[in-house]
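The values are calculated or read from the model by the stated rules, or taken from the named source; none is laboratory data. Just so it is clear, the structure is predicted and the values come from calculations on it, not from any experiment. Here the Cβ positions follow ideal geometry from the backbone for every residue, glycine too, while neighbour counts run over all protein chains shown. Ligands, DNA and RNA are stripped out before the accessible areas are found, and what is left, the full protein with its side chains, is counted by its heavy atoms. Shrake-Rupley method; radii C 1.70, N 1.55, O 1.52, S 1.80 Å.
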Amino acid sequence: MDRPVPIAEIIEGRHSGRTVTVRGWVHRKRIVGGKAFILVRQEGEVLQCVYDKAEVGQRVWEEAEKVTLESSVVVRGTVREDPRAPGGYELRGEDLEIVGLSADFPIKGGESIEYLLDHRHLWLRSRRLTWVMKVKHSVMQAARRYFIDNGWWEVTPPILTGSAVEGGATLFELKYFGSKAYLSQSAQLYLEVLIYPLEKVWAVTPSFRAEKSRTRRHLAEYWHLEAEAAWMDMWDMMRIVEELVKHVLERVLEERRRELENLGRSLEPLKRAVEERFPAIRYDEAIEILQKKGVEIEWGDDMGADEERELTKEFETPFFVTHFPKQIKAFYMKLDPEDSRLALGFDLLAPEGYGEIVGGSQREDDYDTLLSRILEEGLDPEDYDWYLDLRKYGTVPHSGFGLGLERLVMWIAGLDHIRDATPMPRYRGRIKP
Ligand code: NSS
């Protein structure tokens with residue numbers, strides 16, 4: 001067999017007039033007037049292959065008649081430009097080999113979301129989900145590139161942990177050789193350990209949250225991109241977040257423009273986010289804005305998805321909210337030296353109703369203050385003795401953040417539910433496939 005050609009290359013016009021071999025799956029099929037129109041799918045792209053009964057041999061025609069949706073096939077033919085074909089090119093079919101004849105495919109269109117989720121292992125072949133996975137790939141590669149180019153070290157923190165980072169309510173507990181352990185909610189505390197040897201570190205790890213309710217933006221398992229650096233204050237870290245997000249957007253607009261357009265995503269908000277500075281408002285101001293809009297919220301309340309959605313209507317780019325009341329934030333955040341009711345934490349919210357995609361802060365670097373915060377939150381200092389040690393042996397001002405990759409992909413791809421930003425979503429009530 002000749003080297004099989006990717007369909008993407010064909011619709012880029014790189015094989016016009018040539019005889020090529022293509023491997024893929026039958027996406028649609030129709031036989032009319034002695035012609036078989038077989039749409040072959042490969043990596044989210046489709047190519048129309050036309051077999052003419054009068055021109056192909058009997059064996060090939062019989063295969064064309066027999067082949068079913070989602071069968072894997074090897075097709076061969078000549079590439080012709082044709083504005084009526086999807087992608088602007090078609091294959092004048094000469095040969096067709098069925099590799100794996102498909103049984104009646106259970107997804108035919110029009111099924112309910114629950115049915116589709118039960119068939120996720122097959123639903124993932126849809127072009128739409130394929131495009132989203134490609135967008136995620138580019139997001140991850142671009143983020144990695146940003147860190148490499150700027151001198152950050154990539155590290156591999158553990159997923160099995162002995163202590164909570166983001167509060168006990170969302171911990172997944174498990175048996176660990178006869179004692180208790182948890183699935184990681186965040187690698188932050190370990191990244192803090194690693195800034196002493198490496199100064200600027202980052203990692204992508206699975207994070208787990210036993211979220212009680214199902215929402216459009218919470219998963220029980222998600223991919224968490226986190227960074228931590230010595231010598232940086234909150235503002236330094238916000239600048240890193242802004243640069244990183246802009247870099248990712250630039251790369252994705254370059255590499256995945258077609259997928260975004262196919263997904264029906266308007267590119268304008270993404271381009272604006274590359275060009276304009278991300279504004280920053282304080283929590284106080286956010287509350288004022290919301291109250292003026294008639295939202296029922298008091299100083300000291302946490303902002304949920306609804307409040308965030310209202311707030312995003314005031315902005316056309318991602319924006320930061322900073323200086324939260326300490327009681328709604330985690331124990332590790334440094335308190336504002338100018339107002340000890342506040343924590344030096346920041347969130348980055350995506351516009352267009354999406355809301356929080358990043359949470360970060362400057363960390364408490366004073367031993368006594370951190371210990372009293374641990375006690376205040378009702379945590380056991382013994383679980384955190386190693387974490388407290390970091391403040392005892394050469395403490396240093398430092399900051400970090402965590403970005404939910406699915407949250408970012410959800411916004412970039414314009415999805416209305418986070419489940420489609422990950423291939424096999426996990427949330428309450430769903431573990432299969
Ligand atoms: O809880 S966070 O706001 N912050 C942390 O975990 C810090 N310890 C991170 C750090 O500073 N290293 O979560 C960070 C981000 C948040 O902004 C969301 O984008 C995402 O993680 N996140 C989630 N994504 C999907 N599903 C769920 N349940 C979820 N929870 C947080």
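Here are some notes:
Conditions tested, residue by residue: (1) touching a strand residue (DSSP E or B) at 6+ places or on another chain (Cβ under 9 Å); (2) within 27 Å of residue 147 (Cα to Cα); (3) open to solvent by less than 60 Å² (accessible area, probe 1.4 Å); (4) not in a loop (DSSP other than H, G, I, E, B).
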| site | (1), (2), (3), (4) |
| --- | --- |
| 307 | yes, no, yes, yes |
| 310 | no, no, yes, yes |
| 353 | no, no, yes, no |
| 382 | no, no, no, yes |
| 402 | yes, yes, yes, yes |
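- Some residue of segment 141-148 being open to solvent by less than 20 Å² (accessible area, probe 1.4 Å) and out of contact with any strand residue (DSSP E or B) (no Cβ under 7 Å at 6 or more places or on another chain): yes
- Extreme residue, nearest to residue 103 (Cα to Cα), among residues of segment 62-87 that are open to solvent by less than 10 Å² (accessible area, probe 1.4 Å) and part of a strand (DSSP E or B): 73
- Across segment 306-337, the qualifying residues are those that are without any contact (Cβ under 8 Å) to a residue 60 or more places away in the chain and among the aliphatic types (A, V, I, L, M), and the one among them that is nearest to the ligand (Cβ to nearest atom) is 333.
- Meets criteria (more than 14 Å from the ligand (Cβ to nearest atom) and either open to solvent by less than 50 Å² (accessible area, probe 1.4 Å) or under 17 Å from residue 147 (Cβ atoms) (or both)) for residue 198: yes
- Candidates in segment 133-166 are the residues that are touching a residue at least 12 places away in the same chain (Cβ under 8 Å) and among the acidic types (Asp, Glu); of these, the one that is farthest from residue 381 (Cα to Cα) is 154.
- Selection from segment 204-235 of residues that are more than 9 Å from the ligand (Cβ to nearest atom) and farther than 30 Å from residue 306 by Cβ: 229, 230, 231, 232, 233
- Of all residues in segment 88-103, those satisfying the criterion of being touching a strand residue (DSSP E or B) at 6+ places or on another chain (Cβ under 9 Å) and part of a loop (DSSP other than H, G, I, E, B) are 101, 102.
- Flag if residue 106 is part of a loop (DSSP other than H, G, I, E, B), within 15 Å of the ligand (Cβ to nearest atom) and either over 30 Å from residue 264 (Cα atoms) or out of contact with any strand residue (DSSP E or B) (no Cβ under 9 Å at 6 or more places or on another chain) (or both): no
- Candidate set from segment 100-131 (those that are exposed (fewer than 11 other Cβ atoms within 10 Å of the Cβ) and either closer than 20 Å to residue 414 by Cα or hydrophobic (A, V, I, L, M, F, W, C) (or both)); member that is farthest from the chain's Cα centre (by Cα): 103
- The single condition from (1) more than 12 Å from the ligand (Cβ to nearest atom); (2) farther than 29 Å from residue 414 by Cα; (3) assigned to a loop (DSSP other than H, G, I, E, B) that residue 340 fails is (3).
- Hits in segment 239-266 - residues which are surrounded by fewer than 14 Cβ atoms within 10 Å (Cβ to Cβ) and of a type outside the set (Gly, Ala, Ser): 239, 243, 254, 257, 261
- Residues that are closer than 29 Å to residue 353 by Cβ and of a type outside the set (Asp, Glu) number at least 1 in the following strands (runs of 3 or more DSSP E) confined to segment 162-244: 200-208, 221-230.
- Only a single criterion out of (1) in a helix (DSSP H, G or I); (2) polar (S, T, N, Q); (3) open to solvent by less than 10 Å² (accessible area, probe 1.4 Å) is not satisfied by residue 361, namely (1).
- Some residue of segment 256-277 being at pLDDT 95 or above, under 30 Å from residue 163 (Cβ atoms) and either within 16 Å of the ligand (Cβ to nearest atom) or of a type in the set (Val, Ile, Thr) (or both): no
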